[in-house]
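Participant: Below are the structure tokens for one structure; questions will follow.
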Amino acid sequence: MDKFKSTPRLSYKVVSVILTQTDTTVGFLSQDEKQLQTIKSRNSTKPFIKVYKDFQSLTTRVPNTHKNLIRRSKKTTFIIRNRAFRVTQSILNSSLLNAHWYFSTSANAAGKNFDRIFCEEKADIIIENKTLLHEERASSLLKINKNTIRRLR
């Protein structure tokens, strides 16, 4: 009797760079910070924004005095203890984006405007709807601690 040898299936995680229209502007999303640093030619000490798809996934501890502000905010990035994050349901409702969070950055070369050709070369997956990809204003940026809120952008 002959036995067939089959190679075992190895489960591995393929980390992709996704190009999509975010709630504010065109952005790259990935769970691998190093891939985004390479694409943007960005200094490794400069952190990325972490985008969460819901408040249950949020891992940053928010001061009680600011919880309502964060829950009700739209198109706003918060910095708490030098960690930048946003919560947005609008871009993460695609079935391709099933992780609870992603690192996010604007889809452009460092210091330049949106260039579709550059972005399509760098992205593994492109998610586009009927409004197409278009550059808009960046999110507001607020640095908060227990007692104060400071607007940075």
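The values are calculated or read from the model by the stated rules, or taken from the named source; none is laboratory data. Here the structure is a predicted model, which means the values were calculated and not measured. Glycine gets a Cβ as well: all are built from the backbone with ideal geometry, and neighbour counts include every protein chain shown.
Participant: Just checking, how many residues over segment 53-69 are among the aromatic types (Phe, Trp, Tyr) and at pLDDT 85 or above?
Facilitator: Number of matching residues: 0.
Participant: Please find, within segment 136-153, the residue that is modelled with the lowest pLDDT out of those that are assigned to a strand (DSSP E or B) and not aliphatic (A, V, I, L, M). First the steps, then the outcome.
Facilitator: Keep residues of segment 136-153 that are assigned to a strand (DSSP E or B), which gives 140-144, 149-151.
Narrowing the set further to residues that are not aliphatic (A, V, I, L, M) leaves 140, 143, 150-151.
Values: SER140: 86, LYS143: 92, ARG150: 91, ARG151: 93.
Here the answer is SER140.
Participant: Could you figure out which of (1) out of contact with any helix residue (DSSP H, G or I) (no Cβ under 6 Å at 6 or more places or on another chain); (2) at pLDDT 85 or above isn't true of PHE103?
Facilitator: The number of the failed condition is (1).
Participant: Out of SER30, SER57, SER44, I need the residue that is small (Gly, Ala, Ser), touching an Asp or Glu at 6+ places or on another chain (Cβ under 9 Å) and farther than 22 Å from ASP115 by Cβ. Which one? Show your work before the answer.
Facilitator: On the way: SER30 fails: farther than 22 Å from ASP115 by Cβ; SER57 fails: touching an Asp or Glu at 6+ places or on another chain (Cβ under 9 Å).
Every option except SER44 fails the conditions.
Participant: Now a separate question. If I filter segment 122-153 down to residues being of a type in the set (D, E, K, R) and without any contact (Cβ under 8 Å) to a residue 12 or more places away in the chain, which single residue comes out as farthest from PHE78 (Cα to Cα)? Let's see the steps before the verdict.
Facilitator: In the first step, residues of segment 122-153 are kept if they are of a type in the set (D, E, K, R); the result is 122, 124, 128, 130, 135-137, 143, 146, 150-151, 153.
Applying the additional criterion that residues be without any contact (Cβ under 8 Å) to a residue 12 or more places away in the chain yields 130, 150-151.
Working: LYS130: 29, ARG150: 10, ARG151: 10 Å.
Per the stated criteria, the residue is LYS130.
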